[in-house]
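Note sheet for the following structure.
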């Protein structure tokens, strides 16, 4: 039997007897229902995107972005990202750099959400498979989401809403899926200021995501770098998930650049630039949502980020490549009996390693791996450290570049 009780403006549903699955409210106690339900007046005050509010604008926006200022900034961004693509094509083994930079991005992107950890904790958890810290686990989830997102893009040749949902579910496994309940706002984490109230209804969220999917896969309105800014703004403004929106959106950025062949691999990440210019980022989100004509400022911000991040990434790649060359020559001189290209690749693909990881990668026995690792430590190529009952080895020179 189902009994409906009106209490003020609340409608409370009490279920007796047979269980039903009609509504999540039917599975709540009266107190829980009172906690969950909102008065219509309170909803409109707290979450102003209600019945009488204008819905979010869909892409494409009715704004002219073919301005001299944007074209100049676009030229600089295209030159920098083109140089980055060229540098990657010259590397004998780009996977070494890709792995390192992906971990760096995972750390920086998570830091924007106040998930703070160190490279040491990230790699310790990665190779020992043991919990080091909650933050390190979340960062490693982000790294895995990048890898899976890139694989999905390569296999399918497009970016779908389902791919983005899958990425978010890896980043936030306990908070996966598109929002169904009201209450989400975008805040500047430093000031606690609400900068935007995104759509509150699931139907509007899904409608906007459908429009976004069509735009990013089929529309060639502007240069892809300009469209990247529009796509990033729109995704973050929709804020489709309960959590993990920022990190999912930043993975979407790099996947879109690969989709449009601006880069061949996921190598350019904007998280470092955003975290260094965080207040400006939130101010622009706020201004553009108040008046979409301000979107040119957000486009300029993203183009500047692409230019500066490309130059920074090129510098990092060249420093890593130089260290690889020096290590290769030194190892040939001091440990020529164990030297191999595979060994160099392993040492620079990870900041940390251990016996099991090392021997599996090089296809050698445990005693041989122990011998090699001790020799590498003796000659200063690695430094050992005990983590619990395990001994791990870190490439301290490589760690110094990233730290």
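The values are calculated or read from the model by the stated rules, or taken from the named source; none is laboratory data. Nothing here was measured: the structure is a model prediction, and the numbers come from that model. Cβ coordinates were reconstructed from backbone atoms using ideal geometry, including for glycine residues, and neighbour counts include every protein chain displayed.
The number of residues in the range 147-186 that are touching a residue at least 12 places away in the same chain (Cβ under 8 Å) and outside any loop (DSSP other than H, G, I, E, B) comes to 17.
If you go through the range 161-182 and keep only what is closer than 29 Å to residue 277 by Cβ and modelled with pLDDT under 90, you end up with just 175. Scanning the range 71-117 for residues that are more than 27 Å from residue 188 (Cβ to Cβ), at pLDDT below 85 and surrounded by fewer than 17 Cβ atoms within 10 Å (Cβ to Cβ) yields 90, 91, 92, 93, 95, 99.
In the range 61-74, what residues are in a helix (DSSP H, G or I), under 13 Å from residue 222 (Cα atoms) and without any contact (Cβ under 8 Å) to a residue 24 or more places away in the chain?
First, pick out the residues of the range 61-74 that are in a helix (DSSP H, G or I): 68-74.
Now narrow it down to the ones that are under 13 Å from residue 222 (Cα atoms): 70-71, 74.
Residue satisfying the conditions is 71 alone.
Of everything listed in (1) farther than 19 Å from residue 170 by Cα; (2) modelled with pLDDT of 75 or more, the single unmet condition for residue 120 is (2).
Being crowded, with 22+ Cβ neighbours inside 10 Å, more than 27 Å from residue 94 (Cα to Cα), assigned by TED's automatic domain parsing to the domain that holds residue 179 and touching a residue at least 12 places away in the same chain (Cβ under 8 Å) is the requirement here; does residue 251 meet it?
Working: crowded, with 22+ Cβ neighbours inside 10 Å: yes; more than 27 Å from residue 94 (Cα to Cα): no; assigned by TED's automatic domain parsing to the domain that holds residue 179: yes; touching a residue at least 12 places away in the same chain (Cβ under 8 Å): yes.
Against the criterion (crowded, with 22+ Cβ neighbours inside 10 Å, more than 27 Å from residue 94 (Cα to Cα), assigned by TED's automatic domain parsing to the domain that holds residue 179 and touching a residue at least 12 places away in the same chain (Cβ under 8 Å)), residue 251 does not qualify.
Counted as qualifying within the range 194-289 are the helices (runs of 4 or more DSSP H) with 3 or more residues that are closer than 22 Å to residue 304 by Cα, namely 224-238, 245-259, 271-276.
In summary, residue 125 fulfils each of the numbered conditions (1) closer than 22 Å to residue 274 by Cα; (2) in contact with a helix residue (DSSP H, G or I) (Cβ under 8 Å, 6 or more places away or on another chain); (3) assigned by TED's automatic domain parsing to the domain that holds residue 281; (4) crowded, with 18+ Cβ neighbours inside 10 Å with the single exception of condition (1). Scanning the range 269-286 for residues that are buried (at least 17 other Cβ atoms within 10 Å of the Cβ) and in contact with a helix residue (DSSP H, G or I) (Cβ under 6 Å, 6 or more places away or on another chain) gives 269, 270, 271, 272, 273, 274, 281, 284. When residue 61 is tested against the conditions (1) at pLDDT 95 or above; (2) under 16 Å from residue 268 (Cα atoms), the lone failure is (2).
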